[in-house]
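What follows is calculated from the coordinates using simple rules that are stated; it is not laboratory data. Everything numeric in this text was worked out from a predicted model, so none of it was measured. Quick reminder, even Gly has a Cβ in these numbers, built from the backbone with ideal geometry, and neighbours come from all protein chains shown.
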Amino acid sequence: MLLSLLLLICALLCEQAELLQPPVLIFRPTSPKEGSPVTLTCMIRPTPHKSEVQLQFRFYRDTRVLQPGWSTSSEFQIPSVRREDSDSYWCEAKTVNSETKIKSSKSQMHVHRVPVSDVSLDTWPPGGQVTKGDKLVLICSVAKGTGDITFFWYKGSLGLNLERKTQRSLTAEFEIPSVRESDAEGYYCAADNGFGPRLSGLVGITVRSPVSRPVLTLRAPRAQAVVGDVVELHCEAPRGSSPLLYRFYHEDAILENSSVPFGQGVSFNLSLTAEHSGNYSCEIDNGHELQHSETVTLAVKVPTGERSDRLTAGVMEGLLGSLGPAIMALLFCCWLKKKIGRRSPRNPPRSPPSPVHQESTHLNSLDPGKLQPIYENVSAVSGDGIYSSVYQIQQELDSTAVEPTGTHVMNKESSDIYSRVRKEDFTDVDYEDAM
């Protein structure tokens with residue numbers, strides 16, 4: 001009886017030994033990369049006539065079981081391995097109706113990490129253009145890289161470190177909640193997953209800010225600007241992001257345009273004339289906002305002589321413009337009339353000499369008061385001289401009258417010739433009276 005029991009036990013043990021050969025644990029892929037899935041397979045070769053025996057499996061990492069309980073599948077999958085998953089693994093198997101377990105030998109799994117590459121820095125808003133007070137996001141990303149990646153953000157060419165983050169991701173973000181003007185700078189980032197940091201390119205950030213109202217200043221060499229002075233017009237805005245476009249106005253006309261990439265002020269020199277009196281202003285534009293300065297009045301003083309000349313010239317210009325043809329015709333007529341002989345003398349007129357009164361001894365002599373002088377221009381010669389004859393006619397005596405002895409007979413006709421009388425000696429009125 002006892003012998004039969006021992007024989008049965010030996011048979012069972014032999015069957016078990018024949019059924020369960022030591023399993024072998026293999027990895028697929030055999031040399032996994034970090035982040036990729038890995039399949040663990042527990043391979044066992046039962047004897048051919050016992051292949052229908054149902055088996056159960058369990059997998060281990062060092063001393064820690066990877067799953068609770070037993071599984072009828074000979075495979076176990078790790079969805080994404082990390083470098084830290086590199087370790088020794090093994091498995092065990094048993095039949096369903098037996099508690100006897102057969103263990104595999106330990107196998108070492110080495111997980112390879114992929115270095116980061118193609119590091120880049122992007123911004124939001126895109127293009128690195130952000131308005132003062134808005135949020136700015138700096139996005140650092142890598143095209144390749146496995147495992148935990150540490151990201152760094154730097155400001156300026158000297159590399160002022162702003163932030164550091166470690167995460168299992170190909171991208172990471174750094175946020176500036178409210179941008180200031182001092183944040184306008186160049187930025188770059190770096191990424192490292194254990195193979196050394198890789199740097200991105202430099203990205204410039206431009207902080208746009210609205211311009212404040214500009215102030216226009218007129219700088220003259222004296223308190224009262226006069227014609228010929230050079231006045232400096234200076235327009236400046238206390239705040240405003242570059243580049244800036246300045247415009248100077250005289251009344252509503254643009255005097256000057258000036259664009260400056262940096263700085264807050266610009267000047268413009270103006271050489272004054274009388275027409276430059278009036279109101280001046282300037283405006284500034286940076287593409288986001290347009291601001292206009294207050295109006296500044298400039299009075300340009302004109303010297304007295306110049307003012308009179310300008311007034312006379314203005315009046316004459318107006319008269320000639322409206323009455324030009326008529327005035328020219330009138331002036332021509334006056335000139336022609338004077339050319340003919342109606343000239344104005346400078347000196348007062350000279351009266352013709354009065355004849356000397358002598359009492360006639362003739363009985364029938366005429367009354368001396370009745371002698372009539374007659375003036376006649378003999379001829380007009382070139383130059384300023386005019387030749388004239390003056391006649392004095394006396395009435396003849398009666399034919400019956402006897403001429404007294406010792407007396408002289410007066411000429412019937414006497415004449416005096418005045419020559420080279422200057423034309424200045426006669427006025428128009430005197431000349432007509434003489435005629």
Report ³J(HN,Hα) in whole Hz for each residue of the stretch 240-251, in order, from the Karplus equation J = 6.51 cos²θ - 1.76 cosθ + 1.60 where θ = phi - 60°; Gly and Pro get x. x, 7, 7, x, 10, 10, 9, 9, 10, 10, 10, 6
Can you give me the long-range amide H partners of Lys33? Hydrogens built in the peptide plane at 1.01 Å from N, cutoff under 5 Å, separation of 5 or more residues or another chain. His112
Net charge near Val142: determine it from the other residues with C-beta under 9 Å of the C-beta of Val142, scoring Lys and Arg +1 and Asp and Glu -1. +1
List the residues whose amide H sits under 5 Å from the amide H of Phe195, counting only those 5 or more places along or on another chain, with H placed 1.01 Å from N in the peptide plane. Val116
Under 5 Å between amide hydrogens, which residues at least 5 positions from Gly265 or on another chain qualify, with H placed 1.01 Å from N in the peptide plane? none
So what J values fall out for the stretch 67-73 if you push phi through Karplus, 6.51 cos²θ - 1.76 cosθ + 1.60 with θ = phi - 60°, rounded to Hz, Gly and Pro as x? 8, x, x, 9, 10, 7, 8
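Enumerate by residue number the GluC sites (Glu not before Pro) in the stretch 180-278 meeting two conditions: DSSP loop (anything except H, G, I, E, B), and at most 10 other Cβ atoms within 10 Å of the site's Cβ.
Qualifying residues, ordered by number: Glu251.
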So what J values fall out for the stretch 140-153 if you push phi through Karplus, 6.51 cos²θ - 1.76 cosθ + 1.60 with θ = phi - 60°, rounded to Hz, Gly and Pro as x? 9, 9, 10, 6, 9, x, 10, x, 6, 10, 9, 9, 10, 10
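Restrict the search to the stretch 40-125; then list the trypsin sites (Lys or Arg not before Pro) that DSSP places in a loop and that have at most 10 other Cβ atoms within 10 Å of their Cβ.
none
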Which chymotrypsin sites (Phe, Trp or Tyr not before Pro) from the stretch 223-282 combine a DSSP loop assignment with at most 10 other Cβ atoms within 10 Å? Phe262
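Counting other C-beta atoms within 10 Å, which of Ile139, Ile327 has the fewest, and how do the rest follow?
Listing Ile139, Ile327 from fewest to most nearby Cβ atoms yields Ile327, Ile139.
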State, as an integer percentage, the relative contact order of the stretch 215-298 based on alpha-carbon contacts under 8 Å between residues 6 or more apart. 32 percent
